[in-house]
Amino acid sequence: MVYTQNIDGLERLAGIPDTKLMEAHGTFATASCTLCGKMHNSNKVKQAIIEGDIPMCEATNCKVYPFAGIADAVGTQTPRVLINLNAVGSLGRRTTDVILTGDLEESVHSLVRELGWEEKLKALEKVYESKQINEE
């Protein structure tokens with residue numbers, strides 16, 4: 001599973017299937033309450049975020065532990081991977097944790113090299129570039 005707090009949809013663009021993706025704060029592709037599941041207009045949610053508001057579901061009014069707590073909910077033998085500027089929370093305390101800190105692009109390229117996925121990344125970048133050109 002890929003757990004993300006990003007809302008930009010880059011994980012979807014990278015080809016991660018919906019069944020393997022948990023978008024904690026929603027995505028600009030869809031918007032629903034993480035507590036009750038109620039669907040919301042994604043354009044309204046996006047506009048609220050852009051204006052600096054925090055979108056809240058009117059069906060629920062409770063405060064919940066931040067999404068970051070999910071990382072501690074998995075079994076101790078489940079590998080956890082963090083790609084972030086800095087280490088956060090309890091990530092890095094388990095022997096199965098993988099932490100890549102620093103520049104995001106450099107971290108991803110390093111991981112790609114280690115896994116031997118250079119050609120796959122180049123192909124993905126070409127697809128992304130062609131989509132960008134077609135949208136302009």
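The values are calculated or read from the model by the stated rules, or taken from the named source; none is laboratory data. Please read all numbers here as calculations on a predicted model, not as lab measurements. Cβ sites come from the backbone with ideal geometry, for glycine too, and all protein chains shown count toward neighbours. Keep in mind that these areas ignore ligands, DNA and RNA; they rest on the heavy atoms of the full protein, side chains included. Shrake-Rupley method; radii C 1.70, N 1.55, O 1.52, S 1.80 Å.
One residue stands out among those in the range 81-102 that are part of a loop (DSSP other than H, G, I, E, B) and more than 20 Å from A24 (Cα to Cα): the one that is farthest from the chain's Cα centre (by Cα), which is T95. The single condition among (1) charged (D, E, K, R); (2) over 24 Å from G9 (Cβ atoms); (3) modelled with pLDDT under 85 that E136 does not satisfy is (2).
Considering the range 6-37 alone, what residues qualify as being polar (S, T, N, Q) and modelled with pLDDT under 85? Don't jump to the end; show me each part of the working.
Taking the range 6-37 as the starting set, the residues that turn out to be polar (S, T, N, Q) are 6, 19, 27, 30, 32, 34.
Matches in the range 6-37: N6, T27, T30, S32, T34.
For the range 82-136, what are the residues that are among the hydroxyl-bearing types (S, T, Y), closer than 21 Å to M1 by Cα and open to solvent by 70 Å² or more (accessible area, probe 1.4 Å)? Step through it out loud before you land on a result.
Taking the range 82-136 as the starting set, the residues that turn out to be among the hydroxyl-bearing types (S, T, Y) are 90, 95-96, 101, 107, 110, 128, 130.
So of that shortlist, the ones also closer than 21 Å to M1 by Cα come out as 90, 95-96, 101, 107, 110.
Of everything in the range 82-136, those that are among the hydroxyl-bearing types (S, T, Y), closer than 21 Å to M1 by Cα and open to solvent by 70 Å² or more (accessible area, probe 1.4 Å) turn out to be T95, T101.
Can you find a residue that is farther than 30 Å from V127 by Cα and loosely packed, with under 15 Cβ neighbours inside 10 Å anywhere in the range 16-23? Within the range 16-23, not a single residue is farther than 30 Å from V127 by Cα and loosely packed, with under 15 Cβ neighbours inside 10 Å. Each residue in the range 63-75 was checked for being loosely packed, with under 10 Cβ neighbours inside 10 Å and either at pLDDT 75 or above or touching a Pro at 6+ places or on another chain (Cβ under 6 Å) (or both), and 2 of them qualify.
Filtering the range 28-53 to residues that are open to solvent by 90 Å² or more (accessible area, probe 1.4 Å) and part of a loop (DSSP other than H, G, I, E, B) leaves T34, E51.
Whether a residue is small (G, A, S) and farther than 25 Å from Y128 by Cβ was assessed, and A87 passes this test.
Taking every residue in the range 27-50 that is of a type in the set (S, T, Y) and pairing it with any residue that is surrounded by fewer than 12 Cβ atoms within 10 Å (Cβ to Cβ) and modelled with pLDDT of 80 or more, at least 6 positions away or on another chain, the pairs with Cβ-Cβ distances below 7 Å are S32/M39. Just wondering, is there one or more residues in the range 73-80 that are of a type in the set (G, A, S) and outside any helix (DSSP H, G or I)? Within the range 73-80 (the criterion being of a type in the set (G, A, S) and outside any helix (DSSP H, G or I)), the answer is yes, since at least one residue qualifies.
Of the residues making up the range 103-128, those that are within 21 Å of the chain's Cα centre (by Cα), outside any loop (DSSP other than H, G, I, E, B) and acidic (D, E) are E105, E106, E125.
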